[in-house]
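Report on the structure given below.
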Amino acid sequence: MTSDSSTDGAPDAPDDPPEGFLPMSGGSGFASHLAPIYLRAVAGSGVVLGVRIGRHHLNLRGIAHGGMLATLTDIALGMNIGRARRPPQPIVTVSLNCDYLDAARLGDWLEAHVTVRKQGRRLAFGECLLKAGERVVLRASAVFSTAGEPHPRAESDG
């Protein structure tokens, strides 16, 4: 029996980000599963996140898992929209819509390019393109809300 994956037994691609990308700090929690994530500051327009697709990002078909791509997109959108708010604020995802347009493969350098479309008092809207070179792998739109202060749990009388 043969496998669909052309990456069986293949080593991870070398982790060599393009010039200008630095390791992202604070990638704890769930984001650590994508590691290493890199970022590059873009004057006047936030940051571009980058990831070299490794074996740990692949699904059984040997291409980047859709959940991994959505996670990278969500992180990039949240980071850029949160930083664009004045003052910068913690935000949470309300809605994330993803269109998967092409496959990302082992060794691809993937970049998340975000455009902040609108900032309101509580809600913010943005779009993201995940690109491998000139190929658009994923197109997403999202809505975020200010996180606000956590609410104490209501006491129950019964």
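No lab work stands behind these numbers, since they all come straight from the coordinates. Keep in mind that this is a model prediction, so the values were computed, not measured. All Cβ positions, glycine included, derive from the backbone under ideal geometry; neighbour counts span all protein chains shown.
A few comments on the model shown:
- Filtered GluC sites (Glu not before Pro), segment 64-154: DSSP coil and at most 13 other beta carbons within 10 Å: Glu134
- Annotation: amide H-H contacts under 5 Å for Val47 (H modelled 1.01 Å from N, sequence separation of 5 or more, or interchain): Val42.
- Placing a pseudo-label 7 Å from each Cα along the Cα-to-Cβ vector at His33 and Arg139 gives an inter-label distance of 2.7 nm.
- Ordered by the number of other Cβ atoms lying within 10 Å of each residue's own Cβ, fewest first, Val48, Val94, Val137 fall into the sequence Val94, Val48, Val137.
- Segment 39-126: relative contact order in percent, alpha carbon pairs under 8 Å with at least 6 residues between: 38
- Anisotropy class of segment 22-146 from Cα gyration tensor, a/c 1.5 cut: prolate
- The trypsin sites (Lys or Arg not before Pro) of segment 58-96 that DSSP puts in a loop, and whose beta carbon has at most 13 other beta carbons within 10 Å, are Arg61.
- Sites Arg86 and His56, calculated FRET efficiency, Cβ-Cβ separation with R0 35 Å, nearest 0.05: 0.40
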